[in-house]
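Undergrad: So that we are looking at the same thing, I have put the structure below in structure tokens.
What follows draws every value from the coordinates through simple rules; no lab data is involved. Worth saying up front: this structure is predicted, and the values here are computed from it rather than measured. Methodologically, a virtual Cβ is constructed for each residue, glycine included, from the backbone with ideal geometry; neighbour enumeration extends over all protein chains shown.
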Amino acid sequence: MHSHETHTQNFSIIVQLLLVLPFLISLISYIVAVIYSNQHKKRWSRFRILSWILGHLCAIITLIGPFAELTHVNFSAHMIGHLLLGMLAPLLIALAAPMTLLLRSIPVKRARLISSILKNSYFSFVRNPIVASILNVGGLWLLYTTPLFTMMHESSLLFILIHIHIFLAGYLFTIAFIYIDPTPHQVSYVFRSIVLLVAVTAHSILSKHIYAYPPNHVPIEQAELGGMIMYYGGDAIEIGLVYLLFYQWFKRSRSSIYSPETFSN
Amino acid sequence: MTILNKNERNNHKHENRFHYGQQNMWTGLLFGLGVVAFIDEVLFHQLLHWHHFYDKSTANIGLVSDGLFHAFSFFATIGSAFLLADLHRKHGFWLKRWLGGIFLGAGAFQLYDGIIQHKFMKLHQIRYNVDILPYDLFWNILASILMVIGIVLLIQTNQQKY
């Protein structure tokens, strides 16, 4: 029994390292790209660098170290982890405009190749707000209302896949609504607002569902606290998303202001 | 002389208000709705603890309705703030009509909350372990008064258009 425990512990450290490695690589690559491209282009925004670093810290503390281990055993901690990895980290990382940085750091020819890849029908499909919402919030419903949640804690492979999905779906969701990087196939503000409203609704309903019907093997008190963390914590981040969406509308629609002469005609 | 100048300046600031009657109304409506939902959350859920986060007798449709209005309330608050800023930059703000929208939106949401959500969907009650009737009456009559004030203000500003 004892050897089994140490085995799973060692194994989980490997899992943690595997999950954290891509974040470490992207964190360093970004900073290298900033230093490199600053030499012959306009200086890159400090706000974006800070946003990138904070976003990565959010993801990394959820995936490795004492807090990551706590998320395995405590459902409230698990929920804070969900908010950090699936919502806050993607938002901060999207705000850092990584594609813009990538495109200005590489030769024009390759940049054209990458932007033509991003324009293809697969990316425009998954980036559609409805598809991105289903992948993100639909995935959460699947995780918390089926035995998948228990299975995730028993299989390391599932654990890795689900955590990658949570982050990627969160990032996709963010960039489906907020356009920071160059965005082919843009959709209207009204359409994005309505879909975001429905997605936020589905997220808050799921929080109350978790509160009332705990996922397998989660004690009721932890499920109640976890549901409330998801409800109010989700609100805080979603308010940020909604604010950014309307702010972008406000700036973009400046050109449509009518002058009094428009009316006199 | 200075008073005249001030009036002229104020008129200039709102010179386009008659062209944005609809936007003034909707900006107020959304703001009223959002503010009432916010007061409901802070006062009754967080400070007084009268309302419950989840009441075991809630029907599924109640959960959906609650989730939708919860999300809509902060959409409406933030959206109406930007719409208000948009009205000001277009010199189209109309205080009275905006207030009319606020009263109507606030009253309509409170009445919906009081009758549909509390009674039909049994989402939660205003307060537990008390005689609920006076609370319900006060809640819904207040909502109706707010709505009437809003409708009167909107009708008055509607006539000024022509």
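Undergrad: Describe numerically, in nm with one decimal, the distance between label points set 7 Å from Cα along Cα→Cβ at B:ASN60 and at A:TYR179.
TA: Modelled inter-label distance: 3.8 nm.
Undergrad: Set the Förster distance to 56 Å, then compute FRET efficiency between A:ILE35 and A:SER156 from the Cβ-Cβ distance, nearest 0.05. Could the numbers behind the result be given before it?
TA: On the way: r = 36 Å, r/R0 = 0.65.
Computed FRET efficiency for A:ILE35 and A:SER156: 0.95.
Undergrad: Now a separate question. Take A:THR100, project a point 7 Å from its Cα along the Cβ direction, then tell me which residues of region A:167-183 have their backbone nitrogen under 13 Å from it.
TA: Backbone N within reach: A:179-183.
Undergrad: Which of A:TRP141, A:TRP249 comes first, and how do the rest follow, when ranked by fewest Cβ neighbours within 10 Å?
TA: Details: A:TRP141 15, A:TRP249 18.
The order, fewest Cβ neighbours first, is A:TRP141, A:TRP249.
Undergrad: Next question, about the same structure. Quick one: if you stick a label point 7 Å off each Cα along the C-beta vector at A:SER45 and A:TYR247, how many nm between them?
TA: Distance between the two pseudo-spin positions: 0.9 nm.
Undergrad: Given the options A:ILE229, A:ILE114, A:ILE61, which has the most mean-square fluctuation in a GNM of chain A, springs set between C-alpha atoms less than 10 angstrom apart?
TA: Among A:ILE229, A:ILE114, A:ILE61, the largest GNM mean-square fluctuation belongs to A:ILE114.
Undergrad: Further question on the same structure: Is region A:2-248 rounded, prolate or oblate when judged by the Cα gyration tensor, a ≥ b ≥ c being the square roots of its eigenvalues, rounded requiring a/c under 1.5 and prolate requiring a/b larger than b/c?
TA: On the way: a/c = 2.04, a/b = 1.37, b/c = 1.50.
Oblate, since a/c reaches 1.5 and b/c is not below a/b.
Undergrad: Further, regarding this structure: Taking a ≥ b ≥ c as the square roots of the Cα gyration tensor eigenvalues, with a/c under 1.5 meaning rounded and otherwise prolate when a/b beats b/c, else oblate, which class fits the protein assembly as shown? Please list the in-between numbers first.
TA: Details: a/c = 2.69, a/b = 1.26, b/c = 2.13.
It is oblate, given that a/c is not under 1.5 and a/b is not larger than b/c.
Undergrad: Under the definition of Cα pairs under 8 Å and six or more residues apart, what whole-number percent is the relative contact order of chain A? Each step should come with its number before you reach the end.
TA: Numbers: 245 pairs, mean separation 56.6, N = 265.
Relative contact order for chain A comes out at 21 percent.
Undergrad: Something else: For A:245-253, what's the mean count of beta carbons from other chains sitting within 10 Å of each residue's beta carbon? If you can, show how the numbers build up before the last one.
TA: On the way: counts 4, 9, 3, 0, 4, 6, 1, 0, 3.
The mean count of partner-chain Cβ atoms within 10 Å per residue comes to 3.
Undergrad: Taking every residue in B:82-89, how many Cβ atoms of other protein chains lie within 10 Å of its Cβ, on average?
TA: On the way: counts 8, 3, 0, 3, 7, 0, 0, 4.
Going residue by residue through B:82-89 and averaging, the value is 3.
Undergrad: Sticking with this one: Based on the Cβ-Cβ distance from B:SER144 to A:GLU221, what FRET efficiency comes out when R0 is 60 Å, to the nearest 0.05?
TA: On the way: r = 41 Å, r/R0 = 0.68.
E between B:SER144 and A:GLU221, to the nearest 0.05, is 0.90.
Undergrad: Return a whole-number percent for the relative contact order of region B:25-159, with Cα pairs under 8 Å and 6 or more residues apart as the contact set.
TA: 39
Undergrad: Right, something else. Would you mind computing, in nm to one decimal, how far apart the modelled labels at A:GLU69 and A:ILE164 are, each placed 7 Å from Cα along Cα→Cβ?
TA: Here the answer is 2.6 nm between the modelled labels.
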